[in-house]
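First comes the structure, then the notes that go with it.
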Amino acid sequence: MSLPSQELGTTKHLHRVHNFNAGPAALPLPVLEQAQSELLDYRSTGMSILEMSHRSPAFENLMLETEQDLRDLLGLPDEYKVLFLQGGATMQFAMLPMNLRPAGTSADYTVNGTWGKTALKDAQKLGATRLAGTSEATNFDRVPETLDLDPQAAYLHITSNETIHGVQWQSEPQPPQGVPLVCDISSDFLSRPIDVGKYAFLYAGAQKNAGPAGVTVVILREDLLERVPEGLPVMLDYRVQVAGGSMHNTPPTFSIYIVGLVFKWLKAEGGLAAIARRNREKAGLVYGAIDNSGGFYHGHAVPKDRSMMNVTFHLPDESLEKAFATQAENEGLVGLKGHRSVGGLRASLYNAVSLDSAQALAEFMVEFQRKNG
Ligand SMILES: Cc1ncc(COP(=O)(O)O)c(C=O)c1O
């Protein structure tokens, strides 16, 4: 079967919207174009990545390159292992305590949104946990104001960016001496430089900042593997996954390939410091429209903990919020409806969302207020 020829045209003829989806989300156009150009014949192998054995030299090479590019981007020292797993960030909510909370110990969790709360709940099902801090009383509009940390905790878990509430740790909390810091970094992964040495374990579903759905990046400090108990099912055992180079079973080859292209794109864009500058500028435009609206737009998060990735806001009433989302969509600004648990609007400004898109949204907000304010 072949596609009609006009559908095989180059992307310059395509209609691309301003995509503010929360995940799966916008991917860089050069990445999509490269995937398109290599789809039928990857690097002269005569086949698509989709058709290739994960044991082939071409794919093994791709895995090595992808890992190295990530190491370069993050400045990741050798003592950290990198895994590309399936099951989403949600699977890590269970794998993490199964592997890294030895019997008889407890793990600390901070909760500043839905995802941290969900991670805590899964950990509770499997053993002892402590709530080290929460902002639930103020509907997760900030990171916890105070933390009550267990110096004996197996680890301290944080969610660096709460995607639904739009709340982000501006810098990581300091765990007690010897307590490993563990982070669900799904929605701000690779959006800014981080001091990797402060973390013992990081995990991120790729489908926000790093690629498509289907692969989860896990970064873990090697010494943690000593804690992994015997007898875990193989797919849930970090030692097995490390020993197998993320290929104990068939890995999500195409998702890993796209993630690899995104890493190369990030490097070409100047790395994480350059990306962070652009992300700050984008978020500044949209928060600027909120702050200059005289209260017509009301941000969910308190300014000091605002997310650079997910801008959450309300309008004076629900009917205006509905009208906003509909009219925005008509003008090519899509994915702005807030998560059903919070309502309102949410603009996700991940790495692949351009400055132009943020500018277009800020202008739309001003115009919508002029007509409806
Ligand atoms: C911060 C955070 N953690 C975890 C998840 C769950 O990720 P997954 O769908 O990959 O399991 C999400 C999804 O949106 C998220 O935003």
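Annotation: of all residues in the stretch 163-209 being outside any loop (DSSP other than H, G, I, E, B) and open to solvent by 10 Å² or more (accessible area, probe 1.4 Å), the one that is nearest to the ligand (Cβ to nearest atom) is Lys198. Taking the criterion of being in contact with a Lys or Arg (Cβ under 7 Å, 6 or more places away or on another chain) and within 16 Å of the ligand (Cβ to nearest atom), the only residue of the stretch 126-162 that qualifies is Ser135. Just one residue in the set Leu345, Leu320, Leu315, Leu349 is over 13 Å from Tyr297 (Cβ atoms) and aliphatic (A, V, I, L, M); that residue is Leu349.
Hey, can you tell me all the residues within the stretch 216-272 that are among the small types (Gly, Ala, Ser) and either assigned to a loop (DSSP other than H, G, I, E, B) or closer than 16 Å to Leu202 by Cα (or both)? Write out each step before concluding.
Here is the first cut: in the stretch 216-272, the residues among the small types (Gly, Ala, Ser) are 231, 243-246, 255, 260, 268, 270-271.
Scanning the stretch 216-272 gives Gly231, Gly244, Gly245, Ser246, Gly270.
Answer yes or no as to whether Val366 is outside any loop (DSSP other than H, G, I, E, B), over 17 Å from the mean Cα position of the chain (by Cα) and either exposed (fewer than 14 other Cβ atoms within 10 Å of the Cβ) or of a type outside the set (S, T, N, Q) (or both). Yes; evaluated as a whole, the condition is true for this residue.
Report, by residue number, each residue of the stretch 44-71 that is in contact (Cβ under 8 Å) with a residue 40 or more places away in the chain, open to solvent by 50 Å² or more (accessible area, probe 1.4 Å) and under 22 Å from the mean Cα position of the chain (by Cα). It would help to see each step written out before you state the result.
From the stretch 44-71, those in contact (Cβ under 8 Å) with a residue 40 or more places away in the chain are 49-50, 52, 54-55, 59, 62-63, 65-66, 69-70; that's our starting set.
Right, trim to open to solvent by 50 Å² or more (accessible area, probe 1.4 Å) and you get 50, 55, 65.
Hit for the stretch 44-71 is Glu65, nothing else.
Is it fair to say Leu320 is more than 17 Å from Ala26 (Cα to Cα), within 23 Å of the chain's Cα centre (by Cα) and of a type in the set (A, V, I, L, M)?
Values: more than 17 Å from Ala26 (Cα to Cα): yes; within 23 Å of the chain's Cα centre (by Cα): no; of a type in the set (A, V, I, L, M): yes.
Taking the combined requirement at face value, the residue does not satisfy it.
Val111 - would you say it is of a type in the set (A, V, I, L, M, F, W, C), touching a residue at least 60 places away in the same chain (Cβ under 8 Å) and either under 30 Å from Arg340 (Cβ atoms) or away from the ligand (no atom under 16 Å from the Cβ) (or both)? No.
Could you please find all residues in the stretch 305-342 being within 23 Å of Ile185 (Cα to Cα) and not in a strand (DSSP E or B)?
Asp305, Ser307, Met308, Met309, Gly335, Leu336, Gly338, His339, Arg340, Ser341, Val342
Being open to solvent by less than 30 Å² (accessible area, probe 1.4 Å), within 26 Å of His15 (Cα to Cα), hydroxyl-bearing (Ser, Thr, Tyr) and touching a residue at least 40 places away in the same chain (Cβ under 8 Å) is a description that applies to Ser348. Is the stretch 268-278 home to any residue that is more than 16 Å from the ligand (Cβ to nearest atom), more than 20 Å from the chain's Cα centre (by Cα) and surrounded by 15 or more Cβ atoms within 10 Å (Cβ to Cβ)? Looking through the stretch 268-278, none of the residues is more than 16 Å from the ligand (Cβ to nearest atom), more than 20 Å from the chain's Cα centre (by Cα) and surrounded by 15 or more Cβ atoms within 10 Å (Cβ to Cβ).
Taking the conditions exactly as written (away from the ligand (no atom under 12 Å from the Cβ), modelled with pLDDT of 95 or more, farther than 20 Å from Glu172 by Cβ and not polar (S, T, N, Q)), does Glu67 satisfy them or not? I'd like the intermediate steps shown before the answer.
On the way: away from the ligand (no atom under 12 Å from the Cβ): yes; modelled with pLDDT of 95 or more: yes; farther than 20 Å from Glu172 by Cβ: yes; not polar (S, T, N, Q): yes.
It is true that Glu67 is away from the ligand (no atom under 12 Å from the Cβ), modelled with pLDDT of 95 or more, farther than 20 Å from Glu172 by Cβ and not polar (S, T, N, Q).
The values are calculated or read from the model by the stated rules, or taken from the named source; none is laboratory data. Please read all numbers here as calculations on a predicted model, not as lab measurements. Neighbour counts are summed over all protein chains in view; Cβ atoms, including those assigned to glycine, are modelled from backbone coordinates with ideal geometry. For accessibility, only protein heavy atoms count, side chains too; no ligands or nucleic acids. Shrake-Rupley method; radii C 1.70, N 1.55, O 1.52, S 1.80 Å.
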